[in-house]
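Inspection log for the structure reproduced underneath, given as C-alpha cells.
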Amino acid sequence: MLKNDRWISEQASLGMLEPFQEKLIRHLEPESEKSPVLSFGCSSYGYDLRLSSKEFLIFRHVPGTVMNPKKFNPANLEPTDLEEDEDGKYFILPAHSYGLGVALEKMKVPPNITVICLGKSTYARLGIIVNTTPAEASWEGHLTLEFSNSSGADCRIYADEGICQLLFFEGDPCETTYSDRKGKYQYQQEKVTLAKV
C-alpha cells in the first residue's frame with residue numbers, strides 16, 4: 001500500500017525524516033508568494049526531498065580508464081562549486097553529464113516499508129533524470145542522489161530545495177531487513193557515498 005500524508009507526518013514525528021516539513025512549501029514567503037522555490041515537504045502521497053548544499057560531484061572523462069563498480073576510482077569525479085544569486089543556491093550540471101548529490105533530510109525507514117525515489121516533473125521537463133533508487137526496510141542515513149542531464153544545455157540544480165519525491169510502500173513484514181543484513185550503504189552521512197561492493 002502507498003502511504004499517505006497523515007502516515008508520513010506520524011512517522012516523521014517518530015524520527016523517519018529529519019528535518020521534516022509538514023506542508024508542501026512553494027514559496028519561502030508564502031503569504032506574499034515571494035521567493036519561489038522548487039517545492040519540498042509533505043504532499044498527498046509522498047515527500048519532496050531537498051538536495052543538500054554540502055556536496056555535488058560530476059563525472060568526468062579520465063582518458064584510458066573504464067569505470068568499474070567493483071573498484072570505483074574517485075578520480076572520475078570532480079566537485080562543482082555551489083553558486084548563488086537572487087534565484088537561490090545552485091550547482092551547474094553540464095549538458096550530457098552525470099552528477100551525484102546528497103539529500104538534506106536524514107531518513108530512518110520503518111522495517112515494513114520500502115521507499116522509492118522519483119524525479120520531480122519540473123526538472124524532468126528540462127531533461128534532468130533522477131535515477132529511481134530504493135531505500136529498503138530499516139535503511140538509515142542521507143540518500144546519495146544520482147542525476148543525468150540528457151539535454152544539450154547546462155542546467156541549474158538548486159540546493160536546499162525540492163529535488164525528488166519519495167514514495168513509501170508498506171509490505172508484509174520481511175524476514176531480513178537492510179539493517180539486519182548490514183547493508184553496505186547503511187548510515188550514510190550528509191555527503192556523497194561512492195559505489196562500493
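Segment 3-76: D in µm²/s via Stokes-Einstein (Kirkwood Rh, Cα pairs, 4 °C, 1.567 mPa s)?
Reported coefficient: 83 µm²/s.
Which residue, chosen from Ala103, Tyr90, Ser39, occupies the Cα position most advanced towards the positive end of the dipole of segment 38-112, where the dipole is computed from +1 (Lys, Arg) and -1 (Asp, Glu) charges on Cβ about the Cα centre?
Value: Ala103.
How far apart, in nm, are the 7 Å Cα→Cβ label points at Glu31 and His96?
5.0
Could you give the length gained on full extension between Leu14 and Lys71, defined as 0.36 nm per residue of separation minus the Cα-Cα distance, in nm?
This chain segment gains 16.7 nm when fully extended.
Near His96, within a Cβ-to-Cβ distance under 13 Å, what is the net charge of the other residues, with Lys and Arg +1 and Asp and Glu -1?
Residues close to His96 contribute a combined charge of 0.
With every atom except the alpha carbons ignored, what do you get for Rg and Dmax of segment 48-154, in angstroms?
15.1, 45
Return the whole-Å distance between the Cα centroid of segment 82-109 and the Cα centroid of segment 160-197.
That distance is 19 Å.
Using a probe of 1.4 angstrom, how much of the accessible area of the chain is carbon and sulfur, in percent?
Here carbon and sulfur together make up 50 percent of the probe-accessible area.
Give the residue from Ser148, Ser179, Pro79 lying farthest towards the positive end of the charge dipole for segment 70-197; charges sit on Cβ (+1 for Lys and Arg, -1 for Asp and Glu) and the dipole is referred to the Cα centre.
Most positive-ward Cα: Ser179.
Where does the chain land on Rg/Rh, using Cα atoms and the Kirkwood Rh?
Radius of gyration relative to Kirkwood radius: 0.97.
Measure up Lys89/Lys182; Lys23/Lys196; Lys34/Lys191 against 32 Å on the Cα-Cα distance and list the ones that go over.
Long pairs (Cα-Cα over 32 Å): Lys89/Lys182; Lys23/Lys196.
Which net charge results for the neighbourhood of Gly46, defined as the other residues with beta-carbon distances under 11 angstrom from its beta-carbon, given Lys and Arg at +1 and Asp and Glu at -1?
Here the count lands on 0.
Sort 152-163, 44-55 by the packing proxy (mean of other Cβ within 10 Å over each peptide's residues), most packed first.
Top to bottom by mean Cβ count within 10 Å: 44-55, 152-163.
The values are calculated or read from the model by the stated rules, or taken from the named source; none is laboratory data. The model shown is predicted, which means the values in this text are computed figures rather than measured ones. Cβ: placed from backbone, ideal geometry, glycine included. Neighbour counts: every protein chain shown. The accessibility values were calculated without ligands, DNA or RNA, using every heavy atom of the protein model including side chains. Shrake-Rupley method; radii C 1.70, N 1.55, O 1.52, S 1.80 Å.
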